Structures are given as C-alpha cells and as structure tokens.
Amino acid sequence: MIRPPRIPAPSGWRAALVSALCVASGCGRESYDVADLQLDVDAPLPADAEVIRVCVSDHGTLERGAGNGRVPFPGLRAGEPVEVSLDVYDADGALIASAGPAPLDADTPYTTTPLLEPGARCVANGAIAAEGTDTWLLALRFLE
C-alpha cells in the first residue's frame, strides 16, 4: 500500500513561531478531546525512564512502560473528584522522579504539575468502576 507523504512537524524557528502565534492568539496547551480528565507533567520524560506508575485516589494504580510519556487510565467512576500522583522508575526499578498529587474533577478537568525529585512511592487503594457504569478516561502526558 502506498502511503501519502507525512508533513513534518515544525522545528527550530518554525516551532518557536507556531508557539508564539498560539500564545498571542490565546490558545492554551493542547488538550485531548477524548479524555474526561487530563494531567500534564510540565517536564520532559526522563531519558532513563522505563516504567510510569500512576496512582489515582480511590481507583488504584496502573503501571505502564514509559514509552513516549503518554498514559491512559480508563475506568474512573464518572463525576468523582480524584487526586493523581505518579512515579517514574528506571530499568533497575529505582524511583527516579515523582509528580503530584494533583486534584482533578468535573470543574477542573485539566491541570499541570511539575516533575519533582523522588519522594515516597505513590500508593492508591480502590478499584476502577464496575463494567456497565458511566466512566471517565484520564489522559496523562509528559510535555516536551
């Protein structure tokens, strides 16, 4: 199958111009339309990151490969406020960075949090919503 050519993303001075135009026009950071809640970590993903552990109050934890610094956390009970924390681990399982806790709810579905020096490992007890109930999706991403 022949695929059409991809238009490269702006880089260098073009990326700076696009960013400046966005700020001047009043647009904010990109948000995902498909996610009900979004937490952005205001830092690049550490180079030696292997695993991201996301802890959501009263909903439990989720561990994913660090990949590109994007983590979906499905199954949150709709309408409930949550606090989101995360830990970043290297290949040896050592905690290398943390973020949060950051509160999110229907009135504040989007926020940013800084990446911090590692503290205590995040912990969250609970379970995701039962099948067939109304749920929310949390999108977590590291900004570059």
Based on this model, can you work out whether Asp87 counts as of a type outside the set (Ser, Thr, Tyr) and assigned to a strand (DSSP E or B)?
yes
For region 100-144, the count of residues that are polar (S, T, N, Q), closer than 25 Å to Ala66 by Cβ and loosely packed, with under 13 Cβ neighbours inside 10 Å equals 1
In region 16-35, is there at least one residue being surrounded by 18 or more Cβ atoms within 10 Å (Cβ to Cβ) and either at pLDDT below 95 or touching an Asp or Glu at 6+ places or on another chain (Cβ under 8 Å) (or both)?
yes
Just to be sure I understand the filter: pairs with C-beta atoms under 8 Å, separated by 6 or more residues or on different chains, first member in region 98-117 and in a loop (DSSP other than H, G, I, E, B), second member exposed (fewer than 12 other Cβ atoms within 10 Å of the Cβ). Which pairs pass?
Ala106/Gly79
Quick check on my filter: what residues within region 40-78 are modelled with pLDDT of 95 or more and of a type in the set (Lys, Arg)?
Arg53
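The values are calculated or read from the model by the stated rules, or taken from the named source; none is laboratory data. Because the structure is predicted, anything quoted here is derived from the model rather than measured. Positions of Cβ are backbone-derived with ideal geometry, glycine not excepted, and every protein chain shown enters the neighbour counts.
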